[in-house]
Structure formats: C-alpha cells, structure tokens
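*Asks:* Could you have a look at this structure, given as structure tokens, before my questions?
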Amino acid sequence: VPLIFMGYYNPFLQFGVDRLAAAAAEAGLDGVIVPDLPAEEAGPFGETCVRHGIHLIPLLAPTSTDQRIEQACSQANGFIYCVSLTGVTGARQSVSGGVGELVGRIRRYTNLPILVGFGVSNRDHVKEIGRYADGAVVASAMLDAIDKAPEGQGVETAAAFLRGLKVSGQMRCT
C-alpha cells in the first residue's frame, strides 16, 4: 500500500526540501501532497522529489481552470488528487454534483489514476465515485469513527469502517 504524506509547504521549506525528500525516501514514503503549493511554483520541489523517488501529487479542485489542470498534470506522477468540492474537508451527506465533470476534464490531460476526496464518507459515495474515478480518498469520516470508538478499539473501528466502504470491482479506497 503506497504511503502518502500531506503537509504544508512552509514547514517543508524550513526543514529543507532536499533534506525532507531524502528523509522521506529513506522512511519509505511514496508520495507527498502539498495543498498550498500551486503548480506554477512546484517545479523545483517536484524535481527534488523525483530525484529521491517521491511522487508529488497535485490537488485539483472544481475551481481549477483547464490551463491549471494541464500544467498540474504535466508535472504530476503517482496519481491526481481531485478535490470534490470547494470549502473545508469533512464528511458530507452527498458527493458534489460536478465532480464527475471535473474528473472528465482532468482525464483529458493525464493517464494517471484520479482519486476523489473531500466529503467522501460512506459506501454510497465510494460507489458513485467509482463510476468515473479510479479511487476514493476517505479521511475525516474515518477519523470521526475512530474518535467515537471505545477506548482501545481505534484500529478495529478503522478496519470495520474501511470494510464497510468496500465496493466490488477494481477501485481501491485510500
């Protein structure tokens, strides 16, 4: 299972991007997501990641222009993280209506897998996303389930939550 780290650019910059990429590679990290690093400024960090065998995973949102999508996809490796909605992350009642169209726009510029996240919280969401994307990213809903678990039952709760999301077919939950 690939290990992906998400964090903001300033702490990476303070630590040193080459030092970070080397330490990440040594620790077995496969990729990094930097939500506040726009494609226009990602070149040097992306090149450093590539030198160390780390994938720089771009985030693309409903507000992304075709120009930005094309630029991000041209620099990407690993997969594309498609943010399903604008605003903050967290569990939602339904998947954003325009995310299928966004995935279609992204597909015009890349053959990399496209994973959809933000607001993904149940099996129905994963099933819907599976109609047009290669995977779903689930975080907040699982963390909520773990937070509500009886003490000492976090791992079991997380495993049961993930099993409950599983949809038959080739799509994987990340």
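The values are calculated or read from the model by the stated rules, or taken from the named source; none is laboratory data. Predicted model only: the values in this text are computed from it and were never measured. Every residue, glycine as well, gets a Cβ built from its backbone with ideal geometry; the counts of neighbours run over all protein chains shown. These accessible areas exclude ligands, DNA and RNA; they are computed on the full protein's heavy atoms, side chains included. Shrake-Rupley method; radii C 1.70, N 1.55, O 1.52, S 1.80 Å.
*Asks:* Can you sort LEU112, LEU60 by solvent-accessible area, 1.4 Å probe, largest first?
*Replies:* LEU112, LEU60
*Asks:* Turning to a different aspect of this structure: What does the C-alpha gyration tensor say about the overall shape of the chain? Classify as rounded when a/c is under 1.5, otherwise prolate if a/b is larger than b/c, or oblate. Don't jump to the answer; show the numbers that get you there.
*Replies:* Numbers: a/c = 1.89, a/b = 1.23, b/c = 1.54.
Verdict is oblate for the chain.
*Asks:* Okay, moving on. Is any helix in the chain, taking whole DSSP H runs, at least 24 angstrom long along its axis by alpha carbon and on average at least -1.0 on the Kyte-Doolittle scale, and which ones?
*Replies:* Once both thresholds are applied, nothing remains.
*Asks:* From the square roots a ≥ b ≥ c of the eigenvalues of the alpha-carbon gyration tensor of the stretch 1-68, which class results: rounded (a/c under 1.5), prolate (a/b over b/c), or oblate? Kindly include the intermediate steps, with their values, before the conclusion.
*Replies:* Working: a/c = 1.98, a/b = 1.58, b/c = 1.25.
The shape class here is prolate.
*Asks:* Name the residue from CYS49, ASN111, GLN71 whose Cα lies farthest towards the positive end of the charge dipole of the chain, charges +1 on Cβ of Lys and Arg and -1 on Cβ of Asp and Glu.
*Replies:* ASN111
*Asks:* Also, I was wondering about something else. What length, rounded to one decimal in nm, is gained on full extension from GLU47 through to TYR9, with 0.36 nm per residue of separation minus their alpha-carbon distance? Don't jump to the answer; show the numbers that get you there.
*Replies:* Working: separation 38, 0.36 × 38 = 13.68 nm, distance 1.48 nm.
Here the answer is 12.2 nm.
*Asks:* Follow-up. Leaving ligands and nucleic acids out of the surface, order MET142, MET6 by accessible area at 1.4 Å, largest first. If you can, show how the numbers build up before the last one.
*Replies:* Working: MET142 40, MET6 95 Å².
Order by accessible area, largest first: MET6, MET142.
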